[in-house]
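Only one structure is covered here, and it is reproduced in the block below.
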Amino acid sequence: MSLEQEIAKRRTFGIISHPDAGKTTLTEKLLLFGGAIQKAGAVKSSKIKDHARSDWMEIEKQRGISVATSVMGFNYKDVKINLLDTPGHQDFAEDTYRTLTAVDSVILVIDCVKGVEIQTEKLMEVCRMRSTPVICFINKLDREGRDPFELLDEVEEKLNIKVRPLSWPISMGKTFKGVYNLYEKSLTLFTPSKTKVEEEGRIQISDIHDEVLDSYVGETNAKQLRADVELIEGVYPDFDVDKYLSGKVAPVFFGSAVNNFGVRELLDTFIRIAPTPVPRETTLRIVEPEENKFSGFVFKIHANMDPKHRNRIAFVRICSGKFERGSNYYHVRQQKNLRFSNATAFMAQDRETVDEAWPGDIVGIFDTGNLKIGDTLTEGEKLLYTGIPSFSPEIFKEVVNMDAMKTKQLEKGLLQLMEEGVAQLFTYELGKKKVVGVVGALQFEVIQFRLKNEYSATAQFVPQNIYKACWISSKDPKKLAEFIDSKQRHIARDKDDKLVFMAESRAWLQMVQDNFPDIQFHFTSEFKD
Ligand code: G4P
């Protein structure tokens, strides 16, 4: 097959949701359809439930599982689908943000009882930054949920995106009858089935006013559906694929993942409309996937489970050309060639050695410390993929070394954990105080545990009164120098040596911003001046 054909075959995406909306369940059903697993219950969730908060073994176990399920490749109707898993636990949200840089589109799962939840809003913000195409799946229709029109309004309002329903529920909860497919004008009746994947019986109803509808769903439901459809057609413009592809409109489906209902429709539409691997921005130019030369970037690093060996797996998203095992590729940051003889592909839950891979694919590369998140590999061109920023953490603590004999180990451990993206390290200009910033408190427990377990270092974390880490810049270098001078005690450097202002409170940040209008304050590490 040619490079173009390989690209046309591929869809690389992620599923996002607030915890418990049904991401894991939907993932499992998609794998069932793809024939990648045979029965329900085979996918272990990478989520860490609340009761496991202080259970170290549980965290370690979950870390192991999440390597296996980090990327799930499967084939469906001649399409090669790469599903990138994102951690369900919100304390690991940063990992999710980065994974979203490696996908071409997203399926967003919303619980019809709870509606749009806080984590969904944050994740959508990241999608919007990159104009990632989104399909919404409103889940749990077998429960008494909120009014579907109300849900759609909430999605538009809270997620700041236009929606277009492509299917519509007929009643819900105990009286849920099924969905009407507005696109294909067909009716699918609800038959709960948790374990099997059945060819759902679709009933073609080209004219919704046909009385045959009443015989399937009852007179009252039929009447309601007709009224709803009329309203939908009146309120929402026709579905426009281009608007979806540019991230402006999200098509919406209704269903029940656990009952396997509405999933096939979602998947069929997904393979039809979801983007094939898209062109990507670099520091030099936009790289097209069809270019013959290989290029890709690291979006995730996972430490090996065996603490005696420092091997790590770097997850590389291929952006252009063909990746061949055993080839030398250029590591742009380190300006040197590296040979990749042991790359791994991910198929459903197995890892297998891969000889070649194509744009949209993810390969796992065993690494002993050369690669870090955001690194670019090419066939020699000195370009760097952009759009893999760090976001300001939300909780900050100072690292205090508790074992002077193990200072080196602590430093090494911290460095390596930061390279894995477990947390962000900020080093103050004055006094070299080290402050770790994370999105969720659970991260500190993971860091402390891993420092001890893998590096024999003992650290304590002292809470800091910091509200946000803001990357700073100015068009006027003199003004920037003045600012740094006057705020010395609050200036730190991130892992890439970029300047960061550690703001103590929202109000204070506002005041500083007002007082220094020539300084730009950014909440992500990547910005354009
Ligand atoms: P997550 O990955 O987004 O966190 O959610 P997950 O799939 O684990 O689903 C969360 C809970 O919601 C699970 O129940 C799951 O069975 C249930 N669920 C998923 N889809 C549907 C649906 O369509 N209808 C209904 N009624 N429930 C659904 P649990 O009790 O937490 O776990 P389990 O014991 O059922 O596995």
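Where a number appears in this text, it was derived from the coordinates with a stated rule and is not lab data. All values derive from a computational prediction rather than experimental measurement. With ideal geometry, Cβ positions are generated from the backbone for all residues, glycine too; neighbour counts draw on all protein chains shown.
Results, tabulated for the structure shown:
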| item | result |
| --- | --- |
| Whole-Hz couplings from phi, Karplus 6.51/-1.76/1.60, listed for the range 463-477; x for Gly and Pro | x, 10, 8, 10, 8, 8, 9, 10, 6, 10, 8, 7, 6, 10, x |
| Centroid-to-centroid separation of the range 483-506 and the range 352-392 [C-alpha atoms, Å] | 30 |
| Cα-Cα over 29 Å, subset of Lys432/Lys478; Lys114/Lys223; Lys114/Lys162; Lys158/Lys498 | Lys158/Lys498 |
| Cα-based helix-to-principal-axis angle, 23-33 vs the chain, degrees rounded to 10 | 60 |
| Cα gyration tensor category, rounded, prolate or oblate, for the chain with a/c compared to 1.5 | prolate |
| Relative contact order (%) - the chain, alpha-carbon pairs under 8 angstrom, separation at least six | 14 |
| MRE, 222 nm, helices only [DSSP H, n ≥ 4, -39500 (n - 2.57), over the chain, to nearest 500] | -8500 deg cm²/dmol |
| Using alpha-carbon coordinates, inclination of helix 407-419 to the longest axis of the chain, degrees | 30 |
| Radius, Kirkwood style, for the range 483-529 when every pair of distinct Cα atoms is counted (Å) | 11.5 |
| Interchain or long-range residues, amide H under 5 Å from Ser167's placed H | Leu182, Val252, Phe254 |
| Nearest-ten-degree value, helix 442-455 long axis tilted from longest Cα axis of the chain | 50 |
| Dimensions in Å of the range 395-522 - Rg and Dmax from alpha carbons | 15.7, 47 |
| Extension gain, Arg128 back to Trp508 (0.36 nm per residue minus Cα-Cα distance, nm) | 134.0 nm |
| Sequence ranges 122-133, 413-424, ranked by mean other-Cβ count within 10 angstrom, highest first | 413-424, 122-133 |
